[in-house]
1. Sort out which residues of region 95-120 are surrounded by fewer than 17 Cβ atoms within 10 Å (Cβ to Cβ) and within 25 Å of Gln258 (Cβ to Cβ), and write them in order of number.
2. With the requirement that a residue be part of a helix (DSSP H, G or I) and in contact with a His (Cβ under 9 Å, 6 or more places away or on another chain), what does region 65-86 give you?
3. I'm checking my understanding of the structure. Among residues of region 32-69 that are at positive phi and surrounded by fewer than 12 Cβ atoms within 10 Å (Cβ to Cβ), which one is modelled with the highest pLDDT?
4. Restricting to region 129-150, name every residue that is of a type in the set (Val, Ile, Thr) and part of a helix (DSSP H, G or I).
5. Conditions: (1) more than 14 Å from the chain's Cα centre (by Cα); (2) within 23 Å of Pro189 (Cα to Cα); (3) not in a loop (DSSP other than H, G, I, E, B). Ala275 meets all but one. Number of the miss?
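The values are calculated or read from the model by the stated rules, or taken from the named source; none is laboratory data. Quick caveat, the model's predicted, so the values are computed rather than measured. Cβ coordinates were reconstructed from backbone atoms using ideal geometry, including for glycine residues, and neighbour counts include every protein chain displayed.
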Amino acid sequence: MVYVTIDEIAISWGISTRQVRSYCASGRVAGAKFEHGAWMIPEGAEKPSRKVRAKQAKFRSVLAVLDAERKSKLSGGIYHQLQIDFTYNSNHMEGSRLTHEQTRWIFETKTVGKISAEVPVDDIIETANHFSAVDTVIASARSMLTEPYIKRLHAILKSGTADSGKEWFAVGDYKRLENTVGVLDTTPPDKVEAEMKKLLMWYRKTAHSFEDIAEFHVRFERIHPFQDGNGRIGRLIMLKECLKYGITPILVLDGMRQYYYLGLQEWQKNDKQRARLLDTFRAGQDLFIEMLRHFGHDLTI
């Protein structure tokens with residue numbers, strides 16, 4: 001079978017690439033499959049009939065659902081699955097050796113179960129801490145994004161780890177030593193506070209759109225304000241802001257890391273240089289929509 005890209009189908013059908021992704025994620029395109037971070041669609045696939053769009057406000061109820069399930073400790077719902085999938089993938093992208101099943105076991109039983117000797121203790125601690133950080137994000141999603149809030153997330157993530165016992169490692173505070181993210185230079189420690197204030201000031205003046213949240217993430221990762229944990233904190237912030245502003249949350253899978261990191265590196269001022277990361281994030285939104293539909297939340301975004 002011959003497959004074509006979303007861009008090609010969008011031109012053929014005369015609709016946006018975002019709408020094509022929505023059709024694919026909802027299972028309305030026969031034979032479409034998601035591989036290597038992108039949708040592949042059979043050549044000649046028929047365009048689905050368009051449904052009436054749900055009001056955007058309806059999607060905001062996802063935050064209410066997540067918070068209600070969090071408070072009730074409901075097992076087997078969207079909150080349960082988000083905790084496991086989001087935590088596993090975000091941690092695994094940063095080198096955690098825990099498997100998806102081991103991550104699930106820790107969340108569901110609050111015990112480590114059968115763990116091989118090769119798994120560092122910090123991987124277990126940071127997994128439990130990340131569950132707490134996700135809870136914090138859901139419970140306080142409507143709060144203003146501030147420096148103390150961001151530092152609080154870092155303190156939750158790194159509390160009790162081996163790093164927390166190092167004199168030079170500032171848990172819940174900005175870095176004291178220089179660090180890097182891939183091939184990109186990051187902000188020197190003595191300039192981090194000023195750059196974070198500038199970033200938050202810029203963000204407060206934006207429309208808080210999908211593109212604005214993506215750009216905030218890029219700028220945050222390039223500052224790299226903490227000694228460690230920046231990627232996970234950045235993705236937690238994206239989750240919070242998406243939930244706050246009624247935007248489909250972004251689930252970045254470990255298997256998408258190549259596109260994700262290249263997207264961070266390529267991001268500049270023009271649309272072409274932003275396309276890879278935005279497409280990766282849209283694919284992550286598709287995954288979240290699939291999760292919603294699996295648990296009976298039939299929402300059109």
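1. Residues satisfying the conditions are Gly95, Arg97, Thr99, His100, Glu101, Glu118, Val119, Pro120.
2. Val65, Glu69, Ile78, Gln81, Gln83, Ile84, Asp85, Phe86, listed by residue number.
3. That would be Gly44.
4. Scanning region 129-150 gives Val134, Thr136, Val137, Ile138, Ile150.
5. Ala275 satisfies all of (1) more than 14 Å from the chain's Cα centre (by Cα); (2) within 23 Å of Pro189 (Cα to Cα); (3) not in a loop (DSSP other than H, G, I, E, B) except (2).
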